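Right, one structure below, let's go through it.
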Amino acid sequence: MTPALGVLLAAVAGLLLAEFKGRAGARAVFKLSASSVFLWEGLARGLHSAPEGAWIFAGLVGCFVGDAALLSRAKLAFLSGLGAFLLGHLLFAVGFAMRGPAWTVCAASLVLLIPPAVLVHRWLMPHVEKSMRAPVLAYMTVITVMLALATGLATSTGAWALLVGAAMFYVSDLAVARDRFISQSEMNHLWGAPAYFIGVWLMARAFPLA
């Protein structure tokens, strides 16, 4: 285990404890501490100064901003967070595309990801108010494309940890969606938070620099 991963796991554990105890201040500290770890990982690897890596680092910043926005459950804060994460996923997708994925694998992966996306759409959309359906649909589209590109990039470079991270990020969004639109529950945080933070950290750590 790397020191960064150890700090990340400790911060996530603190975040979950704060969530369960309803301590907003501690929740903010631990959440932003966990987000800072994947930013630090990106800086340590020099993503910000590499041609394709700069897109990934910008995506990490988008995730950090999204985490800060989602400290509040207000609708405006949620939309701001959704926008930040949408931009983050889009930046990740651009970085993956520029790095040179196996495009045939990307296309095949996208085809395979469409049925799950349709199921999620049918599960989620009846619970989403009309004014938010377009942003949510855009988010679902971008994260699906991002995961397909991650699959193609992992195939072309052997960066399989990157794919694991992208998949964990994808899955963690289901927890966020369930908690926001369907049923608020501590269980959503219990599996969603570790999947998200570890997933993004893996993406920062495993993105293959040229």
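For the chain, count all C-alpha to C-alpha pairs, find those more than 22 Å apart, and express that count as a whole percent of the total. So the portion of pairs separated by more than 22 Å is 46 percent. Per residue, the accessible area of the chain comes to 45 Å² when a 1.4 Å probe rolls over the protein heavy atoms.
Per residue, the convex hull spanned by the alpha carbons of the range 103-210 comes to 95 Å³. Working from Cα pairs under 8 Å separated by at least six residues, relative contact order for the chain is 23 percent. The charge dipole of the range 29-175, taken about its Cα centre with unit charges on the Cβ of Lys, Arg, Asp and Glu (plus for the first two, minus for the last two), comes to roughly 300 debye. Applied to the range 62-75, the Karplus parametrisation 6.51 cos²θ - 1.76 cosθ + 1.60 on θ = phi - 60° returns per-residue 3J(HN,Hα) values of x, 5, 4, 4, x, 4, 5, 5, 7, 5, 9, 9, 5, 4 Hz, with x for Gly and Pro. Rounded to the nearest 20 debye, the dipole size of the range 1-104 about its Cα centre is 340 debye, using +1 on the Cβ of Lys and Arg and -1 on the Cβ of Asp and Glu.
With an 8 Å cut-off on Cα pairs and a minimum separation of 6 or more residues, tell me the relative contact order of the range 95-155 in percent. Result for the range 95-155 is 72 percent.
The values are calculated or read from the model by the stated rules, or taken from the named source; none is laboratory data. Just so we're clear, the structure is a prediction, and the values are computed from it rather than from any experiment. For neighbour counting, all protein chains shown are included, and Cβ atoms are generated from backbone atoms with ideal geometry for every residue, glycine included. The area values use the complete protein model at the heavy-atom level, side chains included, leaving out ligands, DNA and RNA. Shrake-Rupley method; radii C 1.70, N 1.55, O 1.52, S 1.80 Å.
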